[in-house]
Structures are given as C-alpha cells and as structure tokens.
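Working notes, beginning with the structure itself.
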Amino acid sequence: MKLKYLIPRLARHFLPEKLVRFLLLRGWIIRPGIETQSPEEAAERTRLDLEEAGVDLHGKSIMIFGYGGRFAFGVALLKLGAAHVILCDKFAPPDDTRNRNLLQTYREYLQEEQGRVTTRPAWITLIEDDIRSVAERSELSPVDIIISSSVYEHLDEVDSITASLASITKPEGVHLHYVDLRDHYFKYPFEMLCYSAKVWYGWLNPSSHHNRFRVWDYQRVFEKYFDAVELTVVERDEAAFEATRPRIQPEFISGNLDDDSVTLIKVITHKPVL
C-alpha cells in the first residue's frame, strides 16, 4: 500500500472543484498543460502534426475541445492562419485575468463587454455547454479540424462524446487528439490501475475524473466513429509498468507489453462515420 499515493489521492478526490480550478490557474500543485503554459508552442506543434498528416490548417475552422478557459491557444492558431476557432469547454469558464492580458494586443480577436474580456464572434466562438447537447441541437456548422490535448482521459462518456464530435466534423475533416494515459500523480504512472472500480471511483478518482482507458479502448472507440484512424504511441514506460504489474487489475493487462506500457498517444482520424 502506497500511503504517499493514497493520501494525496484521497485529498484530491474530495477537494472542491472550485479550489482545484484556483490551483490549476495559478500552477500551484496542479500543473496546467502546454496549451496553457506555452500556447504558441502548442499551436506550432498542432500545425506540424497536422502538416505531417497532410492537413493545412490555413483557412480552416478549428475546434479546441477542452480549451481550459484561456483564449491564448485559440489566438495562436488564428495567427497561424486558421479562419475561425471554436473554444469548447463545459467545465472551465473563461479566465478573465489571463485573457485580459491578451486584450490590448489582440483586439482584432477579443473585446470587452460588461467589464469582462470575451471573443469577437467573427473570429472565435465560445461554447460552454456539453458537446453532446450542442451536436443534438445541430446549432453548430460542421468544422474542419477538432483538436484536444490531455482532455480525453478525463471524459466520463468517451463513446457518446466521440460520436458527437464525429457528427459535427466535415466529411473531409480531421481530428487530432493528444491523450495522456498516465495516472496524473505522475510519479506513479500506472498506480491508478491497481484498484477496483469501486475503490477508484468511490475514493480515489480525482474530481476532474480519470477514466483509466487504455490504448486498446481508445483504438476501439475511434475506429467506431472514423473510417481512418492513426494512433501513434508517443511514449511508453515499460520499467514502471513491470514494477507495478503484480498489483494491476486484470482488465488493464492485455499481455502485450508494448500496449500495456503506453503512457502517451497521438490520435489522428479522418472520414467520420456519418
């Protein structure tokens, strides 16, 4: 039993989400992702990975699924030539403090209304609703590109959300998702796999939710909703997996170490099944 793991996990499970959001925005204890820390670097990574897949983002409509409340990544994509950006996040409201820092430089894309910084609809659309409801109401025109980073591992309903994202993608559209399969207590990347569903979801699952999907689970879901799926393993940690294997629940072990030890993946999809 790893008390160094269990005590922080218990605390994280019961920590109020407003406090989690407060810590995340300030980078205290909980570290934000690359899109928050280095938005221009994240935009360039996106451009290069799309280019490698034969996709030019110039002139395209792009949805950032789970954008985290800060407009900077969307602005960076517009600077690279995107025609329109959709910022979608059900859980993270706009971070007015950080977004205000962008206002003076990027008034072409941003504006101030009723004392808060918001986006100019001609360039950036904000969606603060469940994407499944948005898709069901058909209130959004199909988009060219949908991207996410370290979002998929937090989804509670991967299948239905992927179905909705596929349904709002143009027939020739593409998805680019970066997914982190590690336990987000990064010192123990496979520790979350050692507990039963009852213990994990009842006591240890963080308030931001971690679905514990493995690489084969993502492959299955994406292949269900897209005719062309390219799943690339970015990182593995075989040593950490082997050290943890004796305690890992059977459902998380395929028997193929190459699959079992995956920690980071990149998924590019084409041809949504409409």
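The values are calculated or read from the model by the stated rules, or taken from the named source; none is laboratory data. Quick caveat: nothing in here was measured; it's all calculated off a predicted structure. FYI the Cβ positions are ideal-geometry reconstructions off the backbone, even for glycines, and counts take in every protein chain you see.
For the stretch 191-224, which positions are touching a strand residue (DSSP E or B) at 6+ places or on another chain (Cβ under 7 Å) and not aliphatic (A, V, I, L, M)?
Step one: list which residues in the stretch 191-224 are touching a strand residue (DSSP E or B) at 6+ places or on another chain (Cβ under 7 Å), which gives 215, 218-219, 222-223.
Across the stretch 191-224, the qualifying residues are TYR218, GLN219, PHE222, GLU223.
Take the conditions buried (at least 18 other Cβ atoms within 10 Å of the Cβ), more than 20 Å from GLU157 (Cβ to Cβ) and in the same structural domain as HIS154 (by TED's automatic domain parsing) and apply them to TYR195. Does it pass?
For TYR195, the condition - buried (at least 18 other Cβ atoms within 10 Å of the Cβ), more than 20 Å from GLU157 (Cβ to Cβ) and in the same structural domain as HIS154 (by TED's automatic domain parsing) - is met.
Residues are listed down the side, and each one gets a yes or a no for (1) closer than 20 Å to THR46 by Cα; (2) buried (at least 17 other Cβ atoms within 10 Å of the Cβ):
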position: GLN114; (1), (2): no, no
position: THR119; (1), (2): no, yes
position: TRP123; (1), (2): yes, yes
position: VAL134; (1), (2): no, yes
position: VAL151; (1), (2): yes, yes
position: VAL158; (1), (2): no, yes
position: SER164; (1), (2): no, yes
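What are the residues in the stretch 98-135 that are of a type outside the set (A, V, I, L, M, F, W, C) and touching a residue at least 24 places away in the same chain (Cβ under 8 Å), if any?
ARG98, ASN99, TYR106, TYR109, THR118, THR119, THR125, GLU128, ASP129, ASP130, ARG132
List every residue pair whose Cβ atoms sit under 7 Å apart, with the two residues 6 or more apart in sequence or on different chains, where the first one lies in the stretch 183-207 and is in contact (Cβ under 8 Å) with a residue 40 or more places away in the chain and the second, anywhere, is hydrophobic (A, V, I, L, M, F, W, C) and in a helix (DSSP H, G or I).
Partner pairs satisfying both residue conditions: PRO189/ALA240; PHE190/ALA240; PHE190/PHE241; LEU193/PHE252; TYR195/LEU204; TRP203/LEU10; LEU204/LEU10; SER207/VAL20.
Criterion first (farther than 25 Å from ALA135 by Cβ, surrounded by 14 or more Cβ atoms within 10 Å (Cβ to Cβ) and in contact with a strand residue (DSSP E or B) (Cβ under 8 Å, 6 or more places away or on another chain)) does VAL85 satisfy it?
no
Somewhere in the stretch 70-88, is a residue on the phi < 0 side of the Ramachandran plot, aromatic (Phe, Trp, Tyr) and not in a loop (DSSP other than H, G, I, E, B)?
Yes: the stretch 70-88 contains one or more residues that are on the phi < 0 side of the Ramachandran plot, aromatic (Phe, Trp, Tyr) and not in a loop (DSSP other than H, G, I, E, B).
If you check LYS170, LYS187, which single one turns out to be surrounded by 14 or more Cβ atoms within 10 Å (Cβ to Cβ), of a type outside the set (Phe, Trp, Tyr) and over 16 Å from the mean Cα position of the chain (by Cα)?
LYS170
Filter the stretch 211-239 down to the residues that are in contact with a helix residue (DSSP H, G or I) (Cβ under 7 Å, 6 or more places away or on another chain), assigned to a loop (DSSP other than H, G, I, E, B) and not hydrophobic (A, V, I, L, M, F, W, C) and list them by number.
If the condition is that a residue be in contact with a helix residue (DSSP H, G or I) (Cβ under 7 Å, 6 or more places away or on another chain), assigned to a loop (DSSP other than H, G, I, E, B) and not hydrophobic (A, V, I, L, M, F, W, C), then ASN211, ARG212, ARG214 are the ones that fit.
Across the stretch 246-260, what is the number of residues that are touching a helix residue (DSSP H, G or I) at 6+ places or on another chain (Cβ under 8 Å) and either outside any loop (DSSP other than H, G, I, E, B) or hydrophobic (A, V, I, L, M, F, W, C) (or both)?
Within the stretch 246-260, residues that are touching a helix residue (DSSP H, G or I) at 6+ places or on another chain (Cβ under 8 Å) and either outside any loop (DSSP other than H, G, I, E, B) or hydrophobic (A, V, I, L, M, F, W, C) (or both) number 7.
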